[in-house]
Amino acid sequence: MSKSTVYFTNELTPEAVVKMYKQLGVELPGKVAVKVHSGEDGNQNYLHPEFMKPVIDAVNGTVVECNTAYGGARNETPKHIELMKKHHWSDLFDVDIMDAEGPDVEWPVENGKVLKVNYLGKNIENYDSMLVLIHFKGHPMGGYGGALKQLSIGCASSYGKAYIHGAGDPAKIWTADHDSFLDSMA
């Protein structure tokens, strides 16, 4: 297995994010989804749209999100749309709540240890590539949130999030075996 190349900067500016992206030497093809965490209502711990604007503009991306599987301002599409406006995502970008309308798309999980299928917001199929913009944070079940969580749980539909957290049984969203949850997320 080859080692991954890791890029680091201690310059925390919107311009540095664009510079880091360009350093990769990759051009994302076609219609680009940009997966973000839109931020919980009342919480400021997320990458704000103004900070991400230069890199999202650089890839001509559409900001994408999916509804949550728990109560709050992001569990139903109308409330999630309002939060995207409140947090200014909709002011700066086209926004797509990928599971706004069903049915979910089912993607097979090849050689999945726990899950054999993943349920995603159907609009994910409207995109050719995806840029994932993340912040690291503690997560009660996953240890820390990062790229894996953004791709796995972040792109899952509301039902898909419960399915992953429940290790294949949405009714066990908060009570599934912890290792089975982690395997499901992976």
_Every residue in the range 39-66 that is open to solvent by 10 Å² or more (accessible area, probe 1.4 Å), within 25 Å of ALA162 (Cβ to Cβ) and touching a residue at least 24 places away in the same chain (Cβ under 8 Å), please._
GLU40, ASP41, ASN45, TYR46
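Filter the range 84-122 down to residues that are among the aromatic types (Phe, Trp, Tyr) and open to solvent by 30 Å² or more (accessible area, probe 1.4 Å), then give me how many there are.
To start, the set of residues in the range 84-122 that are among the aromatic types (Phe, Trp, Tyr) comprises 89, 93, 107, 119.
Now narrow it down to the ones that are open to solvent by 30 Å² or more (accessible area, probe 1.4 Å): 107, 119.
Final tally of qualifying residues: 2.
Those residues that are farther than 21 Å from ASP99 by Cβ and modelled with pLDDT of 60 or more, I need them from the range 141-160; list them, please. Before you say what the answer is, go through the steps one by one.
Here is the first cut: in the range 141-160, the ones farther than 21 Å from ASP99 by Cβ are 143-144, 146.
The one that is farther than 21 Å from ASP99 by Cβ and modelled with pLDDT of 60 or more: GLY146.
Confirm whether ILE81 is open to solvent by 30 Å² or more (accessible area, probe 1.4 Å), assigned to a helix (DSSP H, G or I) and at pLDDT 95 or above. Steps first, answer last, please.
Values: open to solvent by 30 Å² or more (accessible area, probe 1.4 Å): yes; assigned to a helix (DSSP H, G or I): yes; at pLDDT 95 or above: yes.
So ILE81 fits the description; yes.
Of the residues VAL105, VAL114, VAL26, which is in contact with a strand residue (DSSP E or B) (Cβ under 8 Å, 6 or more places away or on another chain) and not small (Gly, Ala, Ser)? Talk me through it step by step, then tell me what you get.
Working: VAL114 fails: in contact with a strand residue (DSSP E or B) (Cβ under 8 Å, 6 or more places away or on another chain); VAL26 fails: in contact with a strand residue (DSSP E or B) (Cβ under 8 Å, 6 or more places away or on another chain).
Going through VAL105, VAL114, VAL26 in turn, the sole match is VAL105.
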_Of everything in the range 82-99, what is over 15 Å from GLY121 (Cα atoms) and touching a residue at least 12 places away in the same chain (Cβ under 8 Å)? Give them in sequence order._
LEU83, MET84, LYS86, HIS87, HIS88, TRP89, ASP91, LEU92, PHE93, ASP94
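The values are calculated or read from the model by the stated rules, or taken from the named source; none is laboratory data. Not measured: the values here are computed from a predicted model. All Cβ positions, even for glycine, are placed from backbone atoms using ideal geometry, and neighbour counts span all protein chains on display. With ligands, DNA and RNA removed, areas are computed over all heavy atoms of the protein, side chains included. Shrake-Rupley method; radii C 1.70, N 1.55, O 1.52, S 1.80 Å.
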